[in-house]
Amino acid sequence: QQEISHKSGEGITLSNISKIYIACGDYETALNLLKQALVIQQEIGDKSGQGTTLNNISQIYDAHDDYETALNYLNQSLAIKQKIGDKSGESTALNNISLIFKARGDYEIALNYLNQSLSIQQEIGNIAGLCTININIGLLQWQNEQEKEAFVSWAAAYTIAKQTGYAQALEALEVLAEQLALPGGLEGWETVLANLDKDGDDS
């Protein structure tokens, strides 16, 4: 791709190579490759690629607990995704920004970003995104000692995942059920749903 001056392909390949170094824990090399990709994407005006690469760079700084730098890259990514109308990318950036604030203990701000992300996922009908965001909202609510609200969010994720057969979310919820000591794995979420329905009827 370098030989034929295929800049777009070069940027994509650099990003893909960086994923291997991230998987191996070599963040420094991965960061160097992503920054090379970003320069190319800026040079050719690839806004979508820039937004994705900025998001990926942010995750490396996040892994090093450098939240300020991570947030800076995420805000740049968010601005680009909003400008080009990439709803899925916008939602991803909002979700990742929420995780930064969660790590810093700013639960109210984190929840605000997650709710924005959830609204977008509902708008575009992204099943995977709806499950992921609802699970993340539940985890945040649980940490904030909002236990009932957390179960409502997780039950919403379970309902969507069950109806659509989304295996990845069901696996995550099964692990969560074990951590919460719910009886019967995924069957525990059926009990949660029944109890929530009962509470709703009683009110």
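The values are calculated or read from the model by the stated rules, or taken from the named source; none is laboratory data. Note that the structure is predicted; figures quoted are calculated from it, not measured. With ideal geometry, Cβ positions are generated from the backbone for all residues, glycine too; neighbour counts draw on all protein chains shown. Please note that ligands, DNA and RNA were not included when accessible areas were found on the heavy atoms of the full protein model with its side chains. Shrake-Rupley method; radii C 1.70, N 1.55, O 1.52, S 1.80 Å.
Points worth noting:
- Subset of segment 112-146 that is surrounded by 20 or more Cβ atoms within 10 Å (Cβ to Cβ) and of a type in the set (Gly, Ala, Ser) - its residue that is nearest to residue 51 (Cα to Cα): 117
- Of all residues in segment 163-179 being free of Cβ contacts under 8 Å to residues at least 12 places away in the same chain and open to solvent by 80 Å² or more (accessible area, probe 1.4 Å), the one that is farthest from residue 103 (Cα to Cα): 163
- Every residue from segment 20-35 that is under 23 Å from residue 6 (Cβ atoms) and touching a residue at least 24 places away in the same chain (Cβ under 8 Å): 30, 34
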